[in-house]
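Below you'll find the structure, written out as structure tokens, and then a few comments.
Please treat every number below as a calculation from the coordinates, not as lab data. Since the model is a prediction, treat every value here as computed from it, not as a measurement. Counting neighbours? That spans all protein chains shown, and the Cβs are built from the backbone with ideal geometry, glycine included.
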């Protein structure tokens, strides 16, 4: 399912190429919300922030869980049976502060955060980013960065070296 582009603002056309009449989705409505809603999003990602604001307008009691510098990849940071179980345990027992603390640990320890931070800084401070990447590369296996991170980072390092 994907969201009907006609129901989204003009700045959010990420998935419009996947849209067809049979795939039908609209934006979240009040009828879609039941129980206690938790909204996980990156407040620095304009599109995610817009969508989160729409949900909060429908349900002012929804629990806000900010995940700065994860981009539109919050689910990747939270993925994993053990992680989801910890979050569900917290949500079901109403321990929102503990849930936010768990999310902060997951977010800070995920290689995606470093990539999003470096992407944000790259436009303003390219030389600093290249120095940081060289330092990370030198530390090698001592850091939790996976192959996906280095697939992104290596071309930047090569471009800076030439």
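Here is how the numbers come out for the structure above:
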quantity	calculated
Stretchable slack from residue 151 to residue 63, in nm (0.36 nm times residue separation minus alpha-carbon distance)	28.2 nm
Dimensionless Rg ratio for the range 32-121, taking C-alpha atoms and the 2.2 N^0.38 Å reference	1.08
Three-way shape label, the range 36-84, alpha-carbon gyration tensor, a/c 1.5	oblate
Segments 88-99, 48-59 sorted - mean Cβ within 10 Å per residue, highest first	48-59, 88-99
